[in-house]
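In what follows, a single structure is set out as C-alpha cells and then discussed.
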Amino acid sequence: MTNEEPLSTRDRATPLRVLSRSDLADVPIAPADVVRAVEDAYLAFAAGDSDNPRKLSVANPDGWSVAYAMLGRDGRRRVVAMKTSYKFDPGHDRSTKRYYTTITLYDDTTGAPIAMMDCARVGALRTPAVSALLVRETMRRGAESVLLIGTGTQGRNALPHLLAATPQLRKLMVYGTHSEGLAAVHRQLAEHDPHAVLETVSDPRAAAAVADVVLATAGPGTEVALESADLAPGSTVVLVGYGLAPSTLVEADRVVATSAQQMQLTGTDMAGPDGTLRGVDAELPQILSRRAVARQSDDQRIFVYNSGLVLTDIAVAHALAERAIAEGHGTEVPLWD
C-alpha cells in the first residue's frame, strides 16, 4: 500500500494505521468541514441510518479513576468505531491527572481496519462544531453578539467553528483569567478569520446582559456562574463546561440538548433547588431533521446542553484519518499477523 492510497481501496489484509497525537496535530481541516461532518452524522442518526448505543462506564469506588467505552456505527460513511476514555485523577489537580482517549475505526464495506487514533484533537474539534450547530438552530432572529467564557481547549476552538455556522455573529466578546489562554483565543480566531474583531471583557455579567449568545466553556475552577437574571431577553446560553448557574436551566423558557439521556447522566450539577434536573424540550438530531422546533419565539431564553455523541466523534475522526493517511502520517502495525 502506498501512502496516498485512499481509504476506499483498503481491504481486510490492510495493516492497522496508528495515528498518534503528533501525527494528527498538523493535519489541516477547516472548521466548516468539521461542522458539515458533524451535521451529517446527526442527520444520519435522526434518519435511523446509524446506531449510537448507550455508553458503558466504570469508576474506582474511591473516585480515583473513571473509564468509558462507546460503540457506534455510521451508516452513511459505512464506518464502525469504538471509542474509549480513561481518566486517572487521584489528587484532583493537574500534576497527578492522567487522561487517555482513543478511537478505532473500521471500514464496514470491506471489513478493513482504518486507524487507531488518539482522540484529543477529535474532541477538541467535535465539541465546538456541535455548539455551532446548537447556536445556529436556537439563536433568535437578528442575533449578532456572542460572549465566550473560558480560554481552554474548547474556548480556543469555539469561535472559528461558531462563525463557520453563523457568520452573522459579528460582535465577539471573550472573558478569561489566563493571559496565555486569551492570547490563544485571539490567535486562533485570527488564523481562521483575520477580519473578525474580538473584544476581551473584564465583567462577564455586564457582557452577558447584552449578548445574544453565551458559550460557557470554562474549566471547573472558574469563579464565573452566570445566573438567569444576568442574561439578555431572547438569549441562547450553551453549557459546554462551566460558567452557568443552575438558574439558567431552571428558569429557561426552553431547553435543548444534543441528547436528553446524556444530560440526565452528566448534567446533575445543574439540578434545581429541589434536586430535580429539568427535562429537555427538543434534541439536536430531531431539530436538524426538522422533526422538532428549537425556538418558538424571539423573546424566549434558551438553555442548551452540549454533551457527547460518539457518532460525531466518528465523523470527525474519519475525516481526520482520511487526510492523515493521504499525507502518509502514522505507523502501520500488522497487529493481527
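The values are calculated or read from the model by the stated rules, or taken from the named source; none is laboratory data. Keep in mind it's a predicted model, so treat the numbers as computed, not measured. With ideal geometry, Cβ positions are generated from the backbone for all residues, glycine too; neighbour counts draw on all protein chains shown. To get the accessible areas, we keep the full protein, side chains included, count just its heavy atoms, and leave off ligands, DNA and RNA. Shrake-Rupley method; radii C 1.70, N 1.55, O 1.52, S 1.80 Å.
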Q. Using only the Cα atoms, what convex hull volume per residue in Å³ does the chain have?
A. 139
Q. In what sequence, highest mean first, do 122-128, 185-191 appear when ranked by Cβ atoms within 10 angstrom?
A. 122-128, 185-191
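Assuming 0.36 nm per residue, please report the length gained on full extension of the stretch Thr331 to Ala271 beyond their Cα-Cα distance. Write down the numbers at each step before the final one.
On the way: separation 60, 0.36 × 60 = 21.60 nm, distance 4.60 nm.
Length gained, Thr331 through Ala271: 17.0 nm.
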Q | Of Thr153, Ser179, Leu320, farthest towards positive along the dipole that unit charges on Lys, Arg, Asp, Glu beta carbons give the chain | A | Leu320
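Averaged per residue, what accessible area in Å² does the chain show with a 1.4 Å probe, protein chains only?
Values: 15390 Å² over 337 residues.
On a per-residue basis, the chain sits at 46 Å².
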Q: Sort His318, His178 from largest to smallest accessible area, using a 1.4 Å probe on the heavy atoms of the protein chains.
A: His178, His318
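When the helix-only estimate is applied to the chain (DSSP H runs of n ≥ 4, each -39,500 (n - 2.57), divided by the residue count), what is the mean residue ellipticity at 222 nm, nearest 500 deg cm²/dmol? Display every interim value, and only then the final one.
Values: 10 runs with 105 residues, N = 337.
The helix contribution divided over the chain gives -9500 deg cm²/dmol.
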**Q.** Carbon plus sulfur fraction of accessible area for the chain, probe 1.4 Å, in percent
**A.** 50
Q. Amide H to amide H under 5 Å from Ile114: which residues, 5+ apart in sequence or cross-chain, H placed 1.01 Å off N in plane?
A. Leu105, Tyr106, Asp107
Q) Setting aside same-chain residues fewer than 8 positions from Lys97, which lysines have a Cα under 28 Å from its Cα? A) Lys55, Lys83, Lys87
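Sort segment 117-196 into rounded, prolate or oblate with this rule: let a ≥ b ≥ c be the square roots of the eigenvalues of the Cα gyration tensor; rounded if a/c is under 1.5, and if a/c is not under 1.5, prolate when a/b is larger than b/c, oblate otherwise. Before the final figure, lay out the partial values.
On the way: a/c = 1.76, a/b = 1.20, b/c = 1.46.
Here segment 117-196 falls in the oblate category.
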Q. Under the classification rounded if a/c is under 1.5, otherwise prolate if a/b is larger than b/c and oblate if not, where does segment 25-180 fall, given a ≥ b ≥ c as square roots of the Cα gyration tensor eigenvalues?
A. oblate
Q: Provide the per-residue ³J(HN,Hα) series for segment 282-298, in order, calculated from phi with Karplus coefficients 6.51, -1.76, 1.60 and θ = phi - 60°, each as a whole number of Hz, with x at glycine and proline positions.
A: 7, 10, 4, x, 6, 5, 5, 8, 6, 9, 9, 9, 7, 10, 9, 7, 6
Q. What is the magnitude of the charge dipole of the chain about its Cα centre, with +1 placed on the Cβ of each Lys and Arg, -1 on the Cβ of each Asp and Glu, and no other charges, expressed in debye to the nearest 20?
A. 320
Q: Subtract the Cα-Cα distance of Asp299 and Asn60 from 0.36 nm times their separation in residues, and report this length gain in nm to one decimal.
A: 81.5 nm
